[in-house]
1. For region 82-106, name all the residues that are out of contact with any strand residue (DSSP E or B) (no Cβ under 6 Å at 6 or more places or on another chain), over 17 Å from A157 (Cβ atoms) and not polar (S, T, N, Q).
2. Just one of (1) surrounded by 17 or more Cβ atoms within 10 Å (Cβ to Cβ); (2) farther than 22 Å from F236 by Cα; (3) modelled with pLDDT under 95 trips up I168, so point out which.
3. For region 148-166, does any single residue satisfy the condition of being aliphatic (A, V, I, L, M) and under 18 Å from M33 (Cβ atoms)?
4. Which is in a loop (DSSP other than H, G, I, E, B) and crowded, with 17+ Cβ neighbours inside 10 Å, of S105, S114?
5. Which one is surrounded by the fewest Cβ atoms within 10 Å (Cβ to Cβ) among residues in region 119-165 that are in a loop (DSSP other than H, G, I, E, B) and of a type in the set (A, V, I, L, M)?
6. All but one of (1) under 21 Å from V195 (Cα atoms); (2) outside any loop (DSSP other than H, G, I, E, B) hold for R6; which doesn't?
7. Based on this model, can you work out whether E85 counts as acidic (D, E), farther than 30 Å from A207 by Cβ and free of Cβ contacts under 8 Å to residues at least 12 places away in the same chain?
8. Do we find a residue being of a type in the set (A, V, I, L, M, F, W, C), surrounded by 14 or more Cβ atoms within 10 Å (Cβ to Cβ) and in a helix (DSSP H, G or I) anywhere in region 207-220?
Amino acid sequence: MAEFLRLLWGTVMLRPYVFLFLGAFLLIARTQMGWTRTFLWLATGYTIAWASEFSSIQNGFPYGRYEYLPAATQGRELWVPWWTEGWPAVPFFDSLSYVFLTYVSYQMALQFRSPAVRRGRFDFEVRSTDAARYGWRTTLLAAFLVMTLDVVIDPVAHLGKRWFLGRIYRYPAPGPYFDVPLSNFAGWFLVGALVVAANQALGAGLALLGRPPAPSRHFLGKDWFPPALFFGILAFNLGVTFAIGERLLGIVGVFVSAPVLVLYLATVPGRAASMTN
């Protein structure tokens with residue numbers, strides 16, 4: 001236990017940005033659906049993500065072939081499993097990031113597919129229906145948004161040796177998109193869909209048991225927070241991309257991100273502006 005806690009603390013110190021995003025997820029998810037569903041998302045998101053990565057580094061499914069390089073930070077941060085030697089291991093922070101990436105993508109999809117009402121000049125409230133909350137169209141849209149995030153994130157993560165991420169993985173056969181194989185994005189779509197679908201099923205099951213979502217009361221800016229985290233993650237990765245001098249990659253990332261931002265602003269708060277409470 002002492003070794004686990006030491007490595008966990010080392011991970012927090014080495015990857016503070018991941019835990020800042022995770023903290024934002026916890027606060028936002030609590031206001032949107034209550035603590036029970038928040039912790040279920042944390043548990044299922046991490047477990048499914050870790051299993052997918054552990055599978056892929058051994059047999060190439062679902063992301064294609066790649067290799068983690070634990071020697072880069074072994075002994076300084078947590079790799080899972082940490083209790084055995086000689087086994088393939090996955091960095092704890094990496095699987096943990098799926099939790100907030102899938103959640104904000106789900107919330108974005110939910111807002112795209114839900115009615116909204118105006119709550120003041122600059123505020124709006126999303127009124128989610130069960131059809132939007134648990135429907136397969138929301139699942140697929142969320143998975144697409146998860147993949148969109150990874151189109152921006154993965155190429156700059158692959159250049160981790162040039163910034164504070166470090167070189168923690170490699171592709172034996174680099175792919176066509178800034179060295180990232182296209183199978184990687186297909187894997188993110190699939191895993192994103194699995195995480196979202198699992199939580200939709202759990203949420204629907206809880207609702208049938210008489211435990212509907214328990215969001216907090218609406219407050220100013222409440223429904224701005226999920227998109228703020230979504231686009232904040234994109235902005236962080238684009239900022240790193242430009243900071244290390246990868247202009248072409250950064251410009252491509254902007255062209256990938258901008259349509260989502262424009263469509264969101266036109267669709268969700270724009271639609272709410274035409275309605276009254």
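1. W82, W83, E85, G86, W87, P88, Y103, V104, Y106
2. Of everything listed in (1) surrounded by 17 or more Cβ atoms within 10 Å (Cβ to Cβ); (2) farther than 22 Å from F236 by Cα; (3) modelled with pLDDT under 95, I168 misses just condition (2).
3. First, pick out the residues of region 148-166 that are aliphatic (A, V, I, L, M): 149, 151-153, 156-157, 159, 165.
Right, trim to under 18 Å from M33 (Cβ atoms) and you get none.
No; the residues of region 148-166 include none that is aliphatic (A, V, I, L, M) and under 18 Å from M33 (Cβ atoms).
4. Details: S105 fails: in a loop (DSSP other than H, G, I, E, B).
Matching residue, one of S105, S114: S114.
5. First, pick out the residues of region 119-165 that are in a loop (DSSP other than H, G, I, E, B): 119-123, 127-129, 135, 158-159, 163-165.
From what is left, the residues that are of a type in the set (A, V, I, L, M) are 159, 165.
Details: L159: 18, L165: 21.
Selected residue: L159.
6. All conditions are met except number (1).
7. Details: acidic (D, E): yes; farther than 30 Å from A207 by Cβ: yes; free of Cβ contacts under 8 Å to residues at least 12 places away in the same chain: yes.
So E85 fits the description; yes.
8. Among the residues of region 207-220, at least one is of a type in the set (A, V, I, L, M, F, W, C), surrounded by 14 or more Cβ atoms within 10 Å (Cβ to Cβ) and in a helix (DSSP H, G or I), which makes the answer yes.
The values are calculated or read from the model by the stated rules, or taken from the named source; none is laboratory data. Keep in mind the model is a prediction, meaning the values are calculated, not measured. Methodologically, a virtual Cβ is constructed for each residue, glycine included, from the backbone with ideal geometry; neighbour enumeration extends over all protein chains shown.
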